[in-house]
Amino acid sequence: MTDTAREEILARISEALGRRGGGEYVSSSPRTAVPGTGGTAHAESGGVASANTAATAADAGYHHEGTHTGESLIELLIDRLVDYKANIHRADGDPSATIAELIGGHSSVVVPRGLDSSWLAGYSGGVRVDAPGEELSVDELDAQGAVVTASAVAIAQTGTIVLDGSDECGRRAITLVPDHHVCIVRTDDIVDIVPEGISRLDAHAPLTFISGPSATSDIELSRVEGVHGPRTLDVIILSS
Amino acid sequence: MTFLGMPLLPSKRRSDLPGGQGNIIEAEAFPEASHEHLSNQQLRNNIGHATSTIRSKRAEVVSELDDWEALRDAGEATKNEVMANLPEYLAQFEEAFTAAGGIIHWARDADEANAIVTELIEDNAPMLETGRREVIKVKSMATQEIGLNEHLEAEGIDAFETDLAELIVQLGEDKPSHILVPAIHRNRDEIREIFMDKMPDAGELTNEPAVLAEAARRHLRHKFLTTKVAISGANFGIAETGTLGVVESEGNGRMCLTLPETLITVMGIEKLLPKFADLEVFLQLLPRSSTGERMNPYTSFWTGKSEGDGPQNVHLVLLDNGRTRALADEHGRTALNCIRCSACMNVCPVYERTGGHAYGSTYPGPIGAILSPLLTGVQEQGNGSLPYASSLCGACYDVCPVKINIPEILVHLRGEDVKANHSPVSSQLDTALTGASWMMGDGKRMAAAERGLPLAHKVTSGEQINALPGIASAWTSSRDIPALPEKSFRQLWAEEEANDRDEEGQR
Ligand code: SF4
């Protein structure tokens, strides 16, 4: 059933595009010109390769790099994170004192396998390490007061922190089920605008973009922080 | 300014590709359906408040980007490129998604998609003591379009909406009225009553939004942690890598996409982007146009399955349901470029007064007025009145992040409708339109109403109108209404048709 559906849908698309016979594309409204290139983007022979080498968004005239650097870049990120009701802290070299202060009230926290263990040196509660083959169950995660992770990239302009499932960021579930997320952002990982952030990421990794804690505006449009994800987001900006 | 009264030349090639089914068909013609909603003061107040608030937030965050127009151009070009090469991008996506351990299913229409999803649930969700199965759902336009929840219900499967607004709508046995804030027509007291009535464990609640949100959290928490199968839509599919993405706020999306063993995603075939890098454009266009935020709180991307992280049984249903029919319409196909941001409904004066229910479709507002009839065809189904649900003011085109020329497509579809449904004998719709006094009878709002044209043209002596009295004054203070044409659209159309016939006769 499904195979027939596949063939039929692809045939319908070809008909809809006015292609006849061998899949030749007959464009009747050549609106595929890409701004800034003067080129057209329709495939010569309908091959995937030609479709993808055709100019797309990457050549257009929007910004690919931001203008903020150094301290002004960090300040922009902080400003945007605060706007999204995240709590911001700064640490120089060693974040362990800040972390201890933030999670001190929880009797147990979870961390991903690759997190620098010295960062938890000041914490006296229980530490559960989530690692391949030793994943915590959902119920175990639900019993943790907080999760501490690093991050892959932070985008200043939008106040966005990206986790990429690496050993330092952990599985997606560990930053979702506990109610309190403490996330360490290294200053080297801060970029200015969205295109710079995307270019640093691996599409095949499970990616989570976080811009402030969970929020809803569904009731009379009044914003409520914290519906289903972690209700508290603490961000520690770590300078090296 | 383009003279919007002039029809585009109708397409010579009349597609007979099958139209879509499901919740995209008007039960009642728009002019009639809107009557009832117009007199609902709460609806008008709530929608007015919501649209004006989101509108100003959007304007503010858009003005922060000095390359906004370039981003829109890039968005438009990318989507046009996808549509022009859709078979290649679909094949490429399929290969990449499958290589990453995902499984793809193709569905020609709503029935087929519903059947595929049902079978997958039966294979993967356990039968409970009640004799029924349960799944959790992320808010998704595609599954609303195909009427999945209703279908599953009949098949013995309970689908729990987990987005707060969708939950309110579902528990209230109601319909969404806006694609972004579906429960915006409800106030906090009503929501409190729905929750206390329908959530067995809710207890006594106040009407504070924070209290109500907390009740929803408690209500759904256990479901998130224990349900085996989740259903989602997708905002984007990346052809190059086979990646899917969902954009959300509450974290219910992350819960559904991450915790269950099986994930079933339903996505329209038009949702693809060529490359992962294209997200650099769309992740700027979508949140700013939609909720007026620089970025929405959560965005998730997954590519097939990730070993040890998230669902290990990952399915995708690729849905046609009239999309190929829309694609065949050369003047309307750009409606498929829509990324469902809802900006067009927040600026539409007609939507603001009628709300979303009047459109009778999953897709309300300006985009719904073109997308629904394109998916079903104006001829086959009763969607012929939707293209008239517009003042053609052009505000929707101005805000659309992918630059869909909605007014132009509306005019084109009106032409299609006239051709298909209105000659030579007057139809039921004509009668309905004659009775559409709510809009056309009020000269302040709709001076260009067809019937009044010849007279209005004389009164205004063919000059531009730059000030209207009364409630319309705010509107004309920021824009001019073009001089009124001498003839109505219908008259012009009939004449064009007659000329065509004459010319053909002479050949
Ligand atoms: S038509 Fe444009 S403005 Fe309207 S929802 Fe779609 S993308 Fe947004």
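Can you tell me how many residues in segment B:65-83 are in a helix (DSSP H, G or I), within 18 Å of B:Pro287 (Cβ to Cβ), hydrophobic (A, V, I, L, M, F, W, C) and more than 7 Å from chain A (Cβ to nearest Cβ)?
The total comes to 1.
Residues B:Asp158, B:Asp163: which one is at pLDDT below 90 and either under 21 Å from B:Glu250 (Cα atoms) or open to solvent by 10 Å² or more (accessible area, probe 1.4 Å) (or both)?
Result of the check over B:Asp158, B:Asp163: B:Asp163.
Select from segment B:189-205 the residues that are out of contact with any helix residue (DSSP H, G or I) (no Cβ under 6 Å at 6 or more places or on another chain) and within 12 Å of chain A (Cβ to nearest Cβ) and write down the one among them that is surrounded by the fewest Cβ atoms within 10 Å (Cβ to Cβ).
Checked segment B:189-205; the qualifying residue surrounded by the fewest Cβ atoms within 10 Å (Cβ to Cβ) is B:Asp189.
Return the residue satisfying two criteria in turn: it lies in segment B:291-326 and is open to solvent by less than 10 Å² (accessible area, probe 1.4 Å) and small (Gly, Ala, Ser), and of such residues it is farthest from B:Glu119 (Cα to Cα).
B:Gly292
Read through the list (1) more than 7 Å from chain B (Cβ to nearest Cβ); (2) at positive phi, then give the number of the only condition that A:Asp188 fails.
Here A:Asp188 meets the rest and fails (2).
Within segment B:196-238, can you find the residues that are of a type in the set (Gly, Ala, Ser) and touching a strand residue (DSSP E or B) at 6+ places or on another chain (Cβ under 9 Å)?
Scanning segment B:196-238 gives B:Ala210, B:Ala213, B:Ala216, B:Ala230, B:Ser232, B:Gly233, B:Ala234, B:Gly237.
Take segment B:47-87 and flag every residue that is touching a residue at least 24 places away in the same chain (Cβ under 8 Å) and acidic (Asp, Glu).
The answer is B:Glu60, B:Glu64, B:Asp73, B:Glu76, B:Glu81.
Could you please give the count of residues in segment B:377-403 that are among the β-branched types (Val, Ile, Thr) and closer than 20 Å to B:Glu32 by Cα?
Going through segment B:377-403 one residue at a time, the tally reaches 1.
Condition first: assigned to a loop (DSSP other than H, G, I, E, B), at the interface with chain B (Cβ under 10 Å from one of its Cβ atoms) and under 21 Å from A:His204 (Cα atoms). Now tell me which residues in segment A:157-185 satisfy that.
A:Asp164, A:Gly165, A:Gly170, A:Arg171, A:Leu176
Could you please let me know if A:Arg231 is of a type outside the set (Val, Ile, Thr), more than 7 Å from chain B (Cβ to nearest Cβ), within 23 Å of B:Val138 (Cβ to Cβ) and open to solvent by 40 Å² or more (accessible area, probe 1.4 Å)?
yes
In segment B:303-329, which residue that is in a loop (DSSP other than H, G, I, E, B) and under 20 Å from the mean Cα position of the chain (by Cα) is farthest from the ligand (Cβ to nearest atom)?
Only one residue tops the list, namely B:Asp320.
Name the one entry in B:Val169, B:Val117 that is without any contact (Cβ under 8 Å) to a residue 40 or more places away in the chain, open to solvent by less than 30 Å² (accessible area, probe 1.4 Å) and either touching a strand residue (DSSP E or B) at 6+ places or on another chain (Cβ under 9 Å) or not in a strand (DSSP E or B) (or both).
B:Val169
Which numbered condition trips up B:Glu250, out of (1) of a type outside the set (A, V, I, L, M); (2) in contact with a Pro (Cβ under 9 Å, 6 or more places away or on another chain); (3) surrounded by fewer than 24 Cβ atoms within 10 Å (Cβ to Cβ)?
(3)
Against the definition (of a type in the set (Ser, Thr, Tyr) and over 27 Å from B:Ile238 (Cβ atoms)), how does A:Ser211 come out, yes or no?
Answer is no for this residue.
Check every one of the helices (runs of 4 or more DSSP H) wholly within segment B:332-411 and list those with 3 or more residues that are more than 8 Å from the ligand (Cβ to nearest atom).
Counting at least 3 such residues, we get B:349-354, B:365-376, B:395-399.
Filter segment A:63-112 for residues that are in contact (Cβ under 8 Å) with a residue 40 or more places away in the chain and assigned to a strand (DSSP E or B) and give the result.
Result: A:Asn87, A:Ile88, A:His89, A:Arg90, A:Ala91, A:Asp92, A:Val109, A:Val110, A:Val111, A:Pro112.
Within segment B:84-114, track down each residue that is out of contact with any His (no Cβ under 7 Å at 6 or more places or on another chain), in a helix (DSSP H, G or I) and crowded, with 22+ Cβ neighbours inside 10 Å.
The answer is B:Leu86, B:Pro87, B:Glu88, B:Tyr89, B:Leu90, B:Gln92, B:Phe93, B:Phe97, B:Ala110, B:Ala113.
Would you point out the residue of segment A:113-156, among those that are among the small types (Gly, Ala, Ser), in a strand (DSSP E or B) and within 12 Å of chain B (Cβ to nearest Cβ), that is surrounded by the fewest Cβ atoms within 10 Å (Cβ to Cβ)?
A:Ala131
In segment B:221-243, which residues are of a type outside the set (S, T, N, Q), crowded, with 24+ Cβ neighbours inside 10 Å and within 11 Å of chain A (Cβ to nearest Cβ)?
B:Phe224, B:Ile238, B:Ala239, B:Gly242
What number of residues within segment B:57-78 satisfy the criterion of being open to solvent by less than 70 Å² (accessible area, probe 1.4 Å) and not small (Gly, Ala, Ser)?
11
State all residues of segment A:71-96 that are surrounded by 14 or more Cβ atoms within 10 Å (Cβ to Cβ) and either more than 19 Å from the chain's Cα centre (by Cα) or among the polar types (S, T, N, Q) (or both); if no residue qualifies, say none.
Result: A:Asn87, A:His89, A:Arg90, A:Ala91, A:Asp94, A:Pro95, A:Ser96.
The values are calculated or read from the model by the stated rules, or taken from the named source; none is laboratory data. Small disclaimer: the values here were computed from a predicted structure and weren't measured. Ideal geometry is used to build each Cβ from the backbone, glycine not excepted, and the neighbour counts take in all protein chains shown. Accessible surface is based on the protein model in full, side chains and every heavy atom, while ligands, DNA and RNA are left aside. Shrake-Rupley method; radii C 1.70, N 1.55, O 1.52, S 1.80 Å.
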